[in-house]
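Visitor: One structure, as structure tokens, below. Some questions next.
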Amino acid sequence: MSRVRVHNFSVSIDGYGAGLNQGINDPLGARGMELHQWVFPTASWRERSGEPGGSTGTDDAWLRAGDAGIGATVMGRNMFGPIRGPWDADDEASSWRGWWGESPPYGHDLFVLTHHPRDPLPMSGGTTFHFVADGLPAALEAARSAAHGGDIRLGGGVATVREAVAAGLVDELHLAFTPVLLGAGEWLFTGNWAADGFRVAESQPGEGAFHVRLLRG
């Protein structure tokens with residue numbers, strides 16, 4: 001059966017996974033991009049951006065592991081974009097196609113949580129966005145069918161991961177702790193993750209982040 005995995009989820013050392021006031025100019029909220037500075041020097045990231053070179057150390061290895069065995073992805077609407085309300089509310093909403101351009105770096109079916117139905121959005125490179133208005137369990141079930149035996153990546157954002165953890169729907173989390181004190185934003189660690197059955201299975205310092213892998217059960 002497909003497992004639900006969270007990978008390369010960047011967290012500040014004070015527990016925030018995104019900054020305040022997400023918008024078109026701040027996709028991850030105020031100072032949110034600081035959480036992901038460990039990603040940008042890696043060879044894996046540069047390959048996705050069509051650039052040569054990059055580091056091939058610990059951070060790069062963890063970044064690549066997040067793609068292994070993934071057959072479908074689920075993400076919250078905040079991760080798909082800053083648009084709120086019905087998709088046909090205005091020109092910006094109806095034309096929004098995600099942050100990633102016309103060829104998103106997924107190459108499989110991706111299920112976006114939303115309160116407002118929208119027709120599937122096929123993109124080049126094998127990615128199709130599906131919009132699920134029936135909640136997280138329904139999105140995971142649809143992703144499981146689309147994954148054809150592969151695992152499901154839960155992409156975020158913070159509220160989506162918190163909900164999935166609290167509901168016992170996540171099997172594995174890889175958190176990348178970055179040396180940033182964000183001070184405010186979306187805090188990740190609500191509830192009692194130990195009581196929810198998670199244990200630290202692996203930890204490793206990288207070049208720009210400290211990597212922790214949590215398993216449930």
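The values are calculated or read from the model by the stated rules, or taken from the named source; none is laboratory data. Small disclaimer: the values here were computed from a predicted structure and weren't measured. Heads up, the Cβs are rebuilt from the backbone with ideal geometry, glycines too, and the neighbour counts pull from every protein chain shown. To get the accessible areas, we keep the full protein, side chains included, count just its heavy atoms, and leave off ligands, DNA and RNA. Shrake-Rupley method; radii C 1.70, N 1.55, O 1.52, S 1.80 Å.
Visitor: What are the residue pairs meeting all of these: first residue in region 174-199, first residue among the aromatic types (Phe, Trp, Tyr), second residue exposed (fewer than 12 other Cβ atoms within 10 Å of the Cβ), Cβ atoms under 6 Å, and 6 or more apart or on different chains?
Guide: Short answer, once both residue conditions are applied: none.
Visitor: So, of the residues in region 89-122 that are under 21 Å from the mean Cα position of the chain (by Cα) and small (Gly, Ala, Ser), which turns out to be nearest to Leu28 (Cα to Cα)?
Guide: Here the residue is Gly98.
Visitor: Something else about it: Find the residue count for region 64-77, including only residues that are under 19 Å from Val170 (Cα atoms) and open to solvent by 10 Å² or more (accessible area, probe 1.4 Å).
Guide: Step one: of region 64-77, the residues under 19 Å from Val170 (Cα atoms) are 65-77.
Checking which are open to solvent by 10 Å² or more (accessible area, probe 1.4 Å) leaves us with 65, 67-71, 77.
Counting residues in region 64-77 that are under 19 Å from Val170 (Cα atoms) and open to solvent by 10 Å² or more (accessible area, probe 1.4 Å) gives 7.
Visitor: Take the residues in region 166-193 that are of a type in the set (Val, Ile, Thr) and more than 14 Å from the chain's Cα centre (by Cα), then tell me which one is modelled with the lowest pLDDT. Break it down stepwise before answering.
Guide: Here is the first cut: in region 166-193, the residues of a type in the set (Val, Ile, Thr) are 170, 178, 180, 190.
If we keep only those that are more than 14 Å from the chain's Cα centre (by Cα) too, we end up with 178, 180, 190.
Numbers: Thr178: 98, Val180: 97, Thr190: 92.
Of everything passing the filter in region 166-193, Thr190 is modelled with the lowest pLDDT.
Visitor: Say we look at region 96-113 and pick out the residues that are in contact with a Lys or Arg (Cβ under 7 Å, 6 or more places away or on another chain) and buried (at least 18 other Cβ atoms within 10 Å of the Cβ); which of these is farthest from Ala68 (Cα to Cα)? Give the steps one after another, and end with the answer.
Guide: Step one: list which residues in region 96-113 are in contact with a Lys or Arg (Cβ under 7 Å, 6 or more places away or on another chain), which gives 105, 112-113.
Now drop any that are not buried (at least 18 other Cβ atoms within 10 Å of the Cβ), which leaves 112-113.
Details: Val112: 21, Leu113: 23 Å.
Only one residue tops the list, namely Leu113.
Visitor: Here's another thing I want to ask about it. Scanning region 190-217 for residues that are closer than 20 Å to Trp45 by Cβ and in a loop (DSSP other than H, G, I, E, B), which turns out most open to solvent (accessible area, probe 1.4 Å)?
Guide: It comes out as Glu207.
Visitor: Right, another one. Could you grab me the full set of residues in region 45-63 that are within 27 Å of Glu163 (Cα to Cα) and either exposed (fewer than 14 other Cβ atoms within 10 Å of the Cβ) or without any contact (Cβ under 8 Å) to a residue 60 or more places away in the chain (or both)?
Guide: Within region 45-63, Leu63 is the sole residue that qualifies.
Visitor: I'd like to check something: does region 131-151 contain any residue that is assigned to a loop (DSSP other than H, G, I, E, B), among the aliphatic types (A, V, I, L, M) and more than 20 Å from Ser12 (Cα to Cα)? I'd like the intermediate steps shown before the answer.
Guide: Within region 131-151, the subset assigned to a loop (DSSP other than H, G, I, E, B) is 133-135, 148-150.
Among the residues that remain, those that are also among the aliphatic types (A, V, I, L, M) are: 133.
Checking which are more than 20 Å from Ser12 (Cα to Cα) leaves us with 133.
Yes, some residue in region 131-151 is assigned to a loop (DSSP other than H, G, I, E, B), among the aliphatic types (A, V, I, L, M) and more than 20 Å from Ser12 (Cα to Cα).
Visitor: Can you tell me which residues in region 83-95 are assigned to a loop (DSSP other than H, G, I, E, B) and buried (at least 16 other Cβ atoms within 10 Å of the Cβ)? Walk me through how you get there before you give the answer.
Guide: Quick first cut of region 83-95, residues assigned to a loop (DSSP other than H, G, I, E, B) only: 83-90.
Within region 83-95, Ile83, Trp87 meet the criteria.
Visitor: Cβ contacts < 9 Å: first residue over 17 Å from Arg162 (Cα atoms) and assigned to a loop (DSSP other than H, G, I, E, B), restricted to region 10-39; second residue open to solvent by less than 10 Å² (accessible area, probe 1.4 Å) and among the charged types (D, E, K, R), any location; separation 6+ or different chain. Result?
Guide: Trp38/Asp59; Val39/Asp59
Visitor: Let me ask something additional. Could you look through region 166-189, keep only residues that are outside any loop (DSSP other than H, G, I, E, B) and over 16 Å from Thr73 (Cα atoms), and pick out the one that is most open to solvent (accessible area, probe 1.4 Å)?
Guide: Just the residues of region 166-189 that are outside any loop (DSSP other than H, G, I, E, B), to begin with: 166, 172-178, 186-187.
Within this subset, residues satisfying the condition of being over 16 Å from Thr73 (Cα atoms) are 166, 175-178, 186-187.
Working: Ala166: 82, Leu175: 2, Ala176: 0, Phe177: 54, Thr178: 4, Glu186: 60, Trp187: 108 Å².
Checked region 166-189; the qualifying residue most open to solvent (accessible area, probe 1.4 Å) is Trp187.
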